[in-house]
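Visitor: Below is the structure I would like to discuss, written out as structure tokens.
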Amino acid sequence: LGAKRMVGVEALLRWQHPQMGLVFPQSFLSRSDFTGLILAIGPWILRTAAVQAREWQRSQRALRLAVNLSPPELMKKSLPDDVKAVLEETGLPARQLQLEVPEGHVVSDLPRSLDMLHRLKALGVQLVLDRFAVRYSSLGRLAELPLDGVKLDLAFLRGPSSNPEDVSLLTAVTAVARGLKLRICAQGVETAAQLALLERPGCAEAQGFHLGPPVPPATLAEQLGARAAKPGAAEGR
């Protein structure tokens with residue numbers, strides 16, 4: 001956090017509708033058809049993001065690419081083969097692909113999740129537990145999973161002032177994750193105060209609107225080009 005250097009990007013799904021403008025996933029992925037739609041567009045999302053990341057590598061710099069996996073995708077037996085095919089087709093190094101898995105699904109179906117995570121890990125990709133809820137998570141599960149990192153959900157730090165107990169809890173969870181040699185990223189950083197709190201327990205990475213809002217690939221390419229032209233300039237993730 002101290003260096004404020006951009007280390008990765010996360011692929012976010014948006015629909016540019018001709019009449020409604022920019023539409024977010026929750027508006028067009030209804031509960032009734034979520035599974036069918038996400039299984040249909042999931043491979044396209046992964047491939048499109050990998051192609052874009054590879055272009056940035058060739059022209060500017062290598063960034064870690066994070067792609068979210070939904071519960072239906074994690075239950076798809078062919079998922080590791082699909083990921084392998086995308087890596088081979090695009091030439092994206094496996095170590096630069098970060099697959100993010102939802103904590104709730106992993107914990108609720110641990111045996112099946114473990115099998116899938118080990119199969120994905122064998123490809124050489126990085127695995128991160130997404131939306132790790134500090135208040136309610138079982139820390140004991142972290143040691144069982146083949147993870148490279150966790151993303152801490154900062155929803156409990158959204159108030160104008162932080163409860164000392166919450167800060168202590170954040171420090172404890174961060175210490176456990178670091179002890180397991182897991183990379184820690186705080187997600188949902190919206191204020192300078194939140195960012196300052198994260199520096200105390202030693203959280204290495206953060207993302208959120210305070211550091212930079214989501215932008216189209218072309219805009220990010222311009223930002224990367226501008227930073228490349230100014231060596232030593234601070235960057236936010």
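Visitor: Under 8 Å between Cβ atoms, at least 6 apart or on separate chains: pull out the pairs that start in the range 74-94 with a residue that is under 10 Å from LEU120 (Cβ atoms) and end on any residue that is of a type in the set (S, T, N, Q) and modelled with pLDDT of 95 or more.
Guide: Going by the 8 Å Cβ cut-off, there are no qualifying pairs.
Visitor: Every residue in the range 89-112 that is closer than 17 Å to GLN52 by Cβ and in a helix (DSSP H, G or I), please.
Guide: Matches in the range 89-112: GLU89, THR90, ALA94, GLN96.
Visitor: While we're here: Determine whether the range 124-134 contains at least one residue that is open to solvent by less than 20 Å² (accessible area, probe 1.4 Å), over 23 Å from GLY208 (Cα atoms) and in contact with a strand residue (DSSP E or B) (Cβ under 6 Å, 6 or more places away or on another chain).
Guide: Yes, the range 124-134 contains at least one residue that is open to solvent by less than 20 Å² (accessible area, probe 1.4 Å), over 23 Å from GLY208 (Cα atoms) and in contact with a strand residue (DSSP E or B) (Cβ under 6 Å, 6 or more places away or on another chain).
Visitor: Any residue at all in the range 64-81 that is part of a helix (DSSP H, G or I), open to solvent by 40 Å² or more (accessible area, probe 1.4 Å) and under 27 Å from VAL189 (Cβ atoms)?
Guide: Initially, the range 64-81 is screened for residues part of a helix (DSSP H, G or I), giving 71-74, 79-81.
Subset that is open to solvent by 40 Å² or more (accessible area, probe 1.4 Å): 71, 81.
Checking which are under 27 Å from VAL189 (Cβ atoms) leaves us with 71.
Taking every residue of the range 64-81 in turn, at least one turns out to be part of a helix (DSSP H, G or I), open to solvent by 40 Å² or more (accessible area, probe 1.4 Å) and under 27 Å from VAL189 (Cβ atoms).
The values are calculated or read from the model by the stated rules, or taken from the named source; none is laboratory data. It should be emphasised that the depicted structure is a prediction, and the values quoted were computed from it without experimental measurement. Cβ sites come from the backbone with ideal geometry, for glycine too, and all protein chains shown count toward neighbours. What goes into the accessible areas is simple: the full protein's heavy atoms, side chains included, and nothing from ligands, DNA or RNA. Shrake-Rupley method; radii C 1.70, N 1.55, O 1.52, S 1.80 Å.
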